[in-house]
Structures are given as C-alpha cells and as structure tokens.
Amino acid sequence: MQPENPESYSAPARAAWPAMAIPGQPGAHLRAAQADSAAADPSEGAVGRSADDADAASGLEAMPDAEPTAGSKLLDELRAQIAQFVIPPSSEALDAITLWVAATHLQPAWQHAPRLAVVGPAKRCGKSRLLDVLTETVHEPMLTINTTPAAIFRSISEEPPSLLVDEADTIFGPKVAEKNEETRGLLNAGHQRGRYVTRVVGNDHTPHKFATFAMAAIAGIGDLPDTVMDRSVVIRMRRRAEGEKVRPFRSRRDIPALREIRDRIHAWARPLLEEAANREPEMPVEDRAADTWEPLAIVADLAGGRWPRLVRVACARMVAAEVAAEEDHPSGARILADIRRVFFAQREVDSLSTGDLLHHLRQDPEAPWAERGRDGLTARELSRMLRDFDIRPGNVRMADGRQLKGYMRNKFLDAWRRYCPTVHPVDAGPARNSG
C-alpha cells in the first residue's frame with residue numbers, strides 16, 4: 001500500500017556541483033562538462049553557487065543509469081516500504097534514508113560512519129515512526145534509551161551495531177547538555193574509524209581502549225549540536241498536511257515484512273564487503289560532507305540501476321540546503337501561529353512589510369516577541385526562525401506603491417496547514433496578485 005499524497009514536497013535548495021563519473025568508468029564521464037563549468041566561472045565552489053545557477057550548471061540529473069542488478073531492485077523495494085509509513089520532506093531525503101539503511105549492513109567496510117539526523121521543528125513530524133522502521137531494517141539495531149555511554153561503547157565491536165537515539169532534545173537540550181557531553185563525544189568520535197575512548201577496567205584499574213565507530217540515527221526536536229549535524233545526513237521532517245496519508249505501523253503485521261527485506265539486503269551486501277571497502281567514488285561535495293555521504297554513494301554504485309544518479313543528486317541538493325541553513329535556529333510553531341493571526345487581523349492582505357509584521361507581533365501582549373532581546377524580535381531573528389519552514393523575506397509592493405522587504409501571505413500557506421491548522425482558516429482571504 002502506497003501513501004496517497006498530493007505533490008507537496010518542498011522544493012529542495014539547490015547549488016551547482018561538479019559533474020560525476022559514471023560508475024565503472026572513473027573520471028571518463030562529464031569531464032568536458034566539468035571543464036566547461038570551470039571555464040564559465042572558475043571562482044565558484046561546488047556548493048557555493050546560487051540556486052539560480054544550479055539548474056544550468058549541473059549534469060547530475062542527466063547522468064545515465066547503470067545496469068540494474070538484484071541490489072537496485074532491493075533498494076527500490078526498501079524505498080517503497082519506508083514510504084508506506086513516513087513522508088520525508090523530499091524524494092531525495094527518501095533516497096538518502098534508503099541508502100543509509102543499506103549502508104548499515106556494510107559497516108566494516110567504511111572509513112566513516114554517517115549519522116542520520118532526523119530532526120523537525122515540532123512534535124508529530126514522524127521522527128519516532130521513522131526510527132520504528134529503521135529499527136526493523138538496519139543491521140543489529142541498538143536502541144539507546146536510558147543507555148549510558150559506557151554501555152554503548154562496550155557494545156561496539158569490529159561488527160558494530162546501528163545506534164538508534166530517539167528524543168535527542170532531552171540529551172542535548174540547553175539544561176542537560178553538560179551532563180551528556182560524553183554522549184556527544186561518543187557520537188562525534190564514532191564518525192571516523194580508529195577513534196577510541198580509554199577507560200580503566202577491573203579491580204586493578206587497567207587502561208583499556210574501546211572502539212566508538214558505529215553508524216547512528218539520531219532523532220529530536222530542533223537541530224542537534226553543530227558537531228553532530230556536521231557529521232550527518234540531515235532529514236528535516238515535517239508534520240503531515242491534510243490529505244497526506246501514511247500506513248499505520250502495526251508491529252505484528254509490519255515487522256515481519258520489514259525484517260524479511262532487511263535479511264535479503266544483508267544477504268546481498270555481505271559478499272560485496274571487500275569490494276565496498278576498496279571503492280573510492282567521485283562525489284559532488286568535498287571534505288566532511290563527502291566523508292559522510294561516501295558510504296551511501298558506494299552502496300548506490302554497487303546496486304546500479306538509477307541509484308548512482310539518485311544518490312549524487314540527493315547528496316548535492318541536501319548538502320547545499322544545509323550549507324544555506326547552517327546558522328538558522330527554529331522557534332517552533334508559535335511564530336507561525338502568531339503570524340497567522342496577524343494576517344487574519346489585517347484582512348488577509350497579500351503581503352506585509354517586515355517592519356509592519358514585527359510591529360504587530362510585538363503588540364500582542366500574550367506573545368513573547370516584545371520581550372525577546374533588548375529591543376524585541378528583530379528582522380534578522382524573524383528570518384532565521386522562518387527559514388526552518390522554508391519561508392524567506394522578499395520584495396513586496398505596498399498599497400501606496402512602495403516596494404519594501406517583507407513577507408507574502410501565500411508563502412505561509414503550506415506551513416500553516418502543517419503546524420497550526422487550528423488557527424484561523426488558511427484560505428480565508430481572497431486570492432489576489434501580490435504585485
């Protein structure tokens with residue numbers, strides 16, 4: 001059963017990236033395209049170009065598919081299974097989740113153990129449900145609820161488990177972060193092979209080195225610590241909108257099917273362990289992002305079919321989106337609901353200048369915006385809050401003909417449907433051209 005969903009995926013942020021090699025033909029494909037791109041603008045980096053330039057510069061979507069294999073069919077099947085129970089924010093995110101799950105079955109081959117950061121701005125975005133699915137499909141799942149760091153690293157061997165951390169905000173929140181610094185250190189160190197922690201053991205307190213290398217999926221409200229996010233494939237979950245449907249997860253019914261495909265993926269992957277360890281795929285990103293995504297790219301190249309293309313498109317777009325959102329800090333659904341009330345009180349105008357919107361927000365005696373900081377909520381902080389919901393300011397035309405920086409009402413409609421549907425009806429205002 002597939003989810004019946006409208007076309008509601010967010011348009012992912014895009015940036016230009018170097019053209020990629022065809023699997024099996026290292027460096028042979030698109031080298032001319034790379035040279036042309038460099039000649040057109042040699043000063044720009046792989047993920048530093050604007051989104052407007054990306055569509056013209058990238059050749060990734062035109063990358064020809066490889067020969068399909070049993071592995072590519074297994075990945076297609078796993079992707080369809082995951083899509084029954086959760087709605088990721090984009091098709092690229094669903095591709096990344098699928099490949100991350102498959103990569104857990106080849107952990108001894110990897111130099112880096114990518115984290116899967118499953119984050120959302122509010123409750124009920126599907127984070128825990130995704131972990132339910134991961135628990136039944138990854139290799140050797142280890143749930144870390146109420147588990148001490150000492151117990152975790154004592155459970156990691158040359159055949160590491162897949163760590164699953166839910167409600168990470170209760171570990172890394174501002175009031176408890178200092179108490180859990182060892183957990184964060186473990187997650188950071190475990191991203192790279194060969195990083196150990198030393199502890200004394202036994203009655204004679206003999207120093208002993210414990211391995212930390214293990215893939216981990218970490219779910220929570222709001223962003224995780226920067227050091228963890230930087231080592232992660234980031235999945236920014238959203239609350240389901242009206243009309244988006246998923247299949248309820250029922251353990252007795254659904255776990256056997258998920259475990260059955262898990263076992264088939266494991267049986268396909270394990271004979272490829274040595275080959276996976278020796279591969280060095282060309283990547284559309286560099287540095288730590290390339291380290292993090294490399295296992296997913298190797299799995300995709302081993303599987304063939306459409307997956308080598310899908311992983312590189314997902315990697316380039318999702319990394320570029322995180323670069324753009326690097327300094328953003330979400331403030332939950334409260335700001336959305338209060339802005340909804342402002343537009344309603346202003347008779348559903350097409351747009352409001354940033355100054356007018358801030359004025360109305362600060363005037364609400366029940367809201368925290370007048371007391372936020374020294375002078376109340378600022379335009380910069382408002383922009384940061386809203387970017388997590390893919391809402392950005394732009395030029396808006398006022399009733400008197402002036403053009404100012406501000407926000408258009410129609411940019412909020414999707415977020416209002418998802419995060420504050422009980423506030424005034426989203427479509428109460430008449431349709432107008434925003435000029």
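Summary of computed values
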item	result
Considering residues of region 91-146 that are polar (S, T, N, Q) and over 20 Å from Arg262 (Cβ atoms) only, the residue surrounded by the fewest Cβ atoms within 10 Å (Cβ to Cβ)	Asn146
Single unsatisfied condition, Glu280 versus (1) without any contact (Cβ under 8 Å) to a residue 24 or more places away in the chain; (2) outside any loop (DSSP other than H, G, I, E, B)	(2)
Filter result for Glu260 (over 20 Å from Asp95 (Cβ atoms) and not in a helix (DSSP H, G or I))	no
In region 132-146, the residues that are at pLDDT below 85 and in contact with a helix residue (DSSP H, G or I) (Cβ under 9 Å, 6 or more places away or on another chain)	Thr144
Unique residue being open to solvent by 40 Å² or more (accessible area, probe 1.4 Å), at pLDDT below 95, out of contact with any Phe, Trp or Tyr (no Cβ under 9 Å at 6 or more places or on another chain) and at negative phi when the list is Glu77, Glu61	Glu61
Options Thr227, Thr292, Thr212, Thr206; residue that is more than 30 Å from Ala70 (Cβ to Cβ) and out of contact with any helix residue (DSSP H, G or I) (no Cβ under 8 Å at 6 or more places or on another chain)	Thr206
Residue under evaluation Ala83, criteria (1) farther than 15 Å from Lys127 by Cα; (2) of a type outside the set (D, E, K, R); (3) surrounded by fewer than 24 Cβ atoms within 10 Å (Cβ to Cβ), criterion not met	(1)
Every residue from region 388-400 that is of a type in the set (Lys, Arg) and either part of a helix (DSSP H, G or I) or in contact with a strand residue (DSSP E or B) (Cβ under 8 Å, 6 or more places away or on another chain) (or both)	Arg397
Meets criteria (over 25 Å from Arg309 (Cβ atoms) and open to solvent by less than 70 Å² (accessible area, probe 1.4 Å)) for Arg252	no
Residues that are on the phi < 0 side of the Ramachandran plot, of a type outside the set (Val, Ile, Thr), open to solvent by 40 Å² or more (accessible area, probe 1.4 Å) and part of a loop (DSSP other than H, G, I, E, B), drawn from region 357-387	Asp364, Pro365, Glu366, Pro368, Arg372, Arg374, Asp375
Qualifying residue in region 92-115 (condition: closer than 14 Å to Ile218 by Cα, in a strand (DSSP E or B), in contact (Cβ under 8 Å) with a residue 12 or more places away in the chain and out of contact with any helix residue (DSSP H, G or I) (no Cβ under 7 Å at 6 or more places or on another chain))	no
Selected residue (only one of Asp350, Asp338, Asp364, Asp388 is in contact with a Pro (Cβ under 6 Å, 6 or more places away or on another chain) and either at pLDDT 85 or above or under 22 Å from Arg418 (Cα atoms) (or both))	Asp388
Condition met for Ala211 (among the small types (Gly, Ala, Ser) and modelled with pLDDT of 85 or more)	no
Strands (runs of 3 or more DSSP E) wholly inside region 178-234 that include at least 3 residues being under 21 Å from Val101 (Cα atoms) and open to solvent by less than 60 Å² (accessible area, probe 1.4 Å)	216-221
Scope region 363-410; condition of a type in the set (Asp, Glu), farther than 28 Å from Ala320 by Cα and in contact (Cβ under 8 Å) with a residue 12 or more places away in the chain; matching residues	Asp364
Filtered residues of region 299-311 (kept if part of a helix (DSSP H, G or I) and under 12 Å from Ala66 (Cβ atoms))	Ala300, Asp301, Leu302, Ala303, Trp307, Pro308, Arg309, Leu310, Val311
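The values are calculated or read from the model by the stated rules, or taken from the named source; none is laboratory data. On a predicted model such as this, the values are computed, not experimentally measured, just so you know. We place every Cβ from the backbone using ideal geometry, glycine too, and count neighbours over all the protein chains shown. Ligands, DNA and RNA are excluded from the accessible area calculation, which covers all protein heavy atoms including side chains. Shrake-Rupley method; radii C 1.70, N 1.55, O 1.52, S 1.80 Å.
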